[in-house]
Structure formats: structure tokens, C-alpha cells
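Novice: Take a look at this one; I'll ask things after.
Where a number appears in this text, it was derived from the coordinates with a stated rule and is not lab data. These numbers come from a predicted model, not from an experiment. Cβ sites come from the backbone with ideal geometry, for glycine too, and all protein chains shown count toward neighbours.
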Amino acid sequence: MKKDEKMRVGLSMRYLGYHIAAWRHPDVPAAGAIDFNHFLAVAKQAEAAKLDMIFFADGIGVRASDEPRGSLARDYKNAELEPLTLLAAIGACTSNIGLVATASTTYNEPFHVARKYASIDHISGGRAGWNVVTSWSQQEAWNFSRDEHMGYEERYERADEFVDVVRKLWDSWEDDAFVRDKASGVYYDESKLHTPHHKGKHFSVRGPLNSARTPQGRPIIVQAGANESGREIAAKNADVVYSNAFDLKAAKEYYDDVKGRMEKYGRTPDQLLIMPGLTPYVAKTRQEAQDKFEQLQDLIDPLAGLAILYSTLGDLSGYDLDGPVPDLGSQRVRSIAANLLKMAERDKLSIRQLYKRMAAGNSGRLLIGTAEDIVDDMQAWFEAGAADGFNICPATLPQGVDDLDQFILPELRRRGLFRTEYEAATLRGNLGLKPLRYGD
């Protein structure tokens, strides 16, 4: 870490927070996931706190299944606003904070994605970012005239070409191509138009993009793949990677691996920021932080909890929730089931205790403690070269931003690890990434 280097901090703000019971918290607006004013208020809080960016993950379908019966009706992740529409609206109402959202390479076309994100970059004055994902769920396939989901290899092969096409479209025009000279009648300089004429295995796209080059040169590219194909796409294209490591050793190995792949693509490690996800439960004292955590744990509906276990352990709805975890012997993924059963036996966990443990981090890393505890951990990862910053996934919104602003950010600033003011007008500038030249 350089002496004056600052940590990058983003805010994931999908739904109402990352705890499965967030919507049941007494201070959370239960209908907030479809309320623009809720998201705008959180975005403005995040901007006032000088965070780098807000981020909306997305899925193009209700991904959950109603197993056991009745669990889906207790899941709040089934109605939300389309994220690009939401970002455009937030972009018009904010001035500095970065605006990042997911768009799938599986069920979109490159021209759609290139045009929409270019428009958001123009609307916001250079603050847009595209999170590149491949769709994976059967439910999404059903929404796009498919009986079966696209295979793994095909999804990632398509994604790699998809990003190439989008980048070519964003480079359709040089920075100063549009001269708009009223006297001569020349609107653009023909020599500065570069039509892609892309022809590949998955796409044939002539172009050019009907948008000028954007304030950032192009929107920021974000990626979250942990598998081999995802790491290659990140090393080749990404400006930011959201990772999901649970311990420092694994985080460091991932960080070094992804950045170590960049050289073969003509890139240097400082052109990519890696930001692991983190869910903090923070308060003045450790006990108060633990109480915040336990309050949410106690709000988990039993059917919602059983749904978490269903895909690995089967239907446990006919068993005593406070009794031992049974081995039904018919699990879909035996290796995962065996690990869970071993953990439950070792720690003497009931069914209820097991689903609470599984729900606690929503598949992500969580920390419970004081501001000093949380920042000690963040700083250790940052200084060890395991993270360039963090993507905060708050348990609840808007309370998670309040806690970030009240506890964590002041402690980061006290240690000289986070900004007090924005440094630039664009997301690229605030992330400390070098300016783009045409063709980069």
C-alpha cells in the first residue's frame, strides 16, 4: 500500500438490505424495494458520506422456488425496480456518486447494453458502471422463451464476446468527433468515426453506436466472477471486481491470481480494483452490535429459513425445528449436505440454529463489533494486498448507511484510509483509475 493510498468503498443497495429478514425490521420500509424515493434517499446519504459508488445487483426473474410450500410468499426478493431505469433517475438527482448496475450477457444484446450505459454516463456526467454477469437460473430461462438454461461454457464464451462488442461500440467515436460547426454545416468529423463491423461466433454487429463517446471515455466495467472463466474476463476487461472471499488467505490468493493474469492482456495491476463484499453489524459496543444481529436473526420466518436448507438437505418442514438436523439421504448435492450435517452434529445445532447460521451472511462475509473491530479487519486486508477497498452489503437499508456514516467511515478517516471530499467529477477519477485514451 502506498503511503497516501485511500481505500475505495461502495454500497450495495439492492432490495432493503442483505439480511433475509430485512423487510421485517421495524425501521425498514417494507415496500421500499419498489419505491424510488427510498432508493433516492439512500443514494443521497451515500453521496453525502462520499462513498465511491452505489451498486444494484440484478436478476431477470424471480429466482427462488416455492420449496417448501409457502416459503416463496415469505421471500421479499420478488418485486423490485429495473436497475438501469432506477440509475438514470438517481443520476439526474445526484452529482458525484458512481452508479453501477448489473446487465446480463445471456439475455441482452450488446447494442442494448452499450447504448443504455452510454446514456446513463452522459446523463450523470461520467458516473456509470456496468456489472457484467451471465444469467444462471432456470427461472430466468423461462422468461426468455427457453425450456433449458444455456450451458456453462456457452454462457461464458458468449459473455467474453459480448464485452468485446460493447467496448467496440463505445469506441465508435473519438472524443472530439462531433464538431457541430454550424457555419460549415459539418456535424461530425468523418475521420473520427470507427464503425465496428463485428462478426463473431455469437454476434454480428455492424455499428456504430448512436451515442457520442462518454464523459469517462466509456462506462466503468465491473465483474464478479470467481470461476476460471470469470477471472479471465475480469483480467481482460474489468476496472472493478467484486469478490466474495471469507478469509484473508483466500482473498489474497484471489487478488494475486486475477491481477497476475492482466499482463497477457497488456494491462497493469493498478488498472483493476478488487473490492470484496462485507456485511457489517456495528455499534458503540460489541454487545450492542451483537444485539443488532440477533434482532434480525429472530425475525427469520421458519419457512424462509427452511427454504435456505431445502436445496442441500431436502424438505425438513415436517421435523421439529428445535430438534436435531436429520439426514434424509436424498440430497441433491451430497458433498455440501455432508458438510452441513457434519457441522450441525459437531456444534449440536438444531434445524432452526442451522438455518439461522446459513442466513446470517446471505452467502457473504459478515463482521460484528465496534467501529475499531470492523476497521481493524478492513485495514488488515487492505494492507496485506487482499483488497483495494470493499463493497458494503448492509444488512438493512437505510440503517446500514447510517451505521456506515456514524461508525465505520469516521474511523477510516481517522486512520487516513478514506477521503473527506470527492477528488474528481467522474467515477473513474474518484476510483483513482487513470484517464482513458481513445482505443484503451
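Novice: For the stretch 166-222, how many residues are assigned to a loop (DSSP other than H, G, I, E, B), hydrophobic (A, V, I, L, M, F, W, C), over 29 Å from the mean Cα position of the chain (by Cα) and farther than 25 Å from Ser124 by Cα?
Specialist: Restricting attention to the stretch 166-222, the residues satisfying the condition of being assigned to a loop (DSSP other than H, G, I, E, B) are 171-172, 174-180, 182-185, 187-189, 194-197, 200-203, 206-213, 215-216, 218-219.
Filter once more, so that each one left must be hydrophobic (A, V, I, L, M, F, W, C): 177-179, 183, 203, 209, 212.
From the residues that got through so far, the ones that are over 29 Å from the mean Cα position of the chain (by Cα) too are 177-179, 183.
The next check asks that each one be farther than 25 Å from Ser124 by Cα; those that pass are 183.
Qualifying residue count, the stretch 166-222: 1.
Novice: Among the numbered conditions (1) in a loop (DSSP other than H, G, I, E, B); (2) under 30 Å from Pro326 (Cα atoms), tell me where Pro394 comes up short.
Specialist: That leaves (2) as the condition not met.
Novice: Could you grab me the full set of residues in the stretch 6-44 that are of a type outside the set (A, V, I, L, M), touching a residue at least 60 places away in the same chain (Cβ under 8 Å) and not in a helix (DSSP H, G or I)?
Specialist: So the first thing to find is which residues in the stretch 6-44 are of a type outside the set (A, V, I, L, M), and the list is 6, 8, 10, 12, 14-15, 17-19, 23-27, 29, 32, 35-39, 44.
Remaining after also requiring touching a residue at least 60 places away in the same chain (Cβ under 8 Å): 6, 8, 10, 12, 14-15, 17-19, 24-25, 27, 32, 38.
Hits for the stretch 6-44 are Lys6, Arg8, Gly10, Ser12, Arg14, Tyr15, Gly17, Tyr18, His19, His25, Asp27.
Novice: Can you name the residue in the stretch 1-43 that is farther than 18 Å from Ala128 by Cβ and of a type in the set (D, E, K, R) and is also farthest from the chain's Cα centre (by Cα) among such residues?
Specialist: Result: Lys3.
Novice: If we keep just the residues of the stretch 258-294 that are part of a helix (DSSP H, G or I) and either under 20 Å from the mean Cα position of the chain (by Cα) or aliphatic (A, V, I, L, M) (or both), which is nearest to Pro394 (Cα to Cα)?
Specialist: If we take residues in the stretch 258-294 being part of a helix (DSSP H, G or I) and either under 20 Å from the mean Cα position of the chain (by Cα) or aliphatic (A, V, I, L, M) (or both), then Ala289 is nearest to Pro394 (Cα to Cα).
Novice: I'd like the full set of residues that are more than 14 Å from Glu47 (Cα to Cα) and among the β-branched types (Val, Ile, Thr), limited to the stretch 401-440.
Specialist: Result: Ile408, single match.
Novice: Another question, then. I need every pair where a residue in the stretch 265-291 that is closer than 20 Å to Met378 by Cβ has its Cβ under 7 Å from the Cβ of a residue that is assigned to a helix (DSSP H, G or I) and of a type in the set (Ser, Thr, Tyr), sequence separation at least 6 or different chains.
Specialist: Going by the 7 Å Cβ cut-off, the qualifying pairs are Ile274/Tyr255.
Novice: Could you list, in sequence order, all residues of the stretch 76-131 that are assigned to a strand (DSSP E or B) and of a type in the set (A, V, I, L, M)?
Specialist: As a first pass, look at the stretch 76-131 and keep what is assigned to a strand (DSSP E or B): 98-104, 128-131.
Across the stretch 76-131, the qualifying residues are Leu99, Val100, Ala101, Ala103, Ala128.
Novice: Mind counting the residues in the stretch 385-424 that are surrounded by fewer than 16 Cβ atoms within 10 Å (Cβ to Cβ), out of contact with any helix residue (DSSP H, G or I) (no Cβ under 8 Å at 6 or more places or on another chain) and small (Gly, Ala, Ser)?
Specialist: Residues flagged as surrounded by fewer than 16 Cβ atoms within 10 Å (Cβ to Cβ), out of contact with any helix residue (DSSP H, G or I) (no Cβ under 8 Å at 6 or more places or on another chain) and small (Gly, Ala, Ser) within the stretch 385-424 amount to 1.
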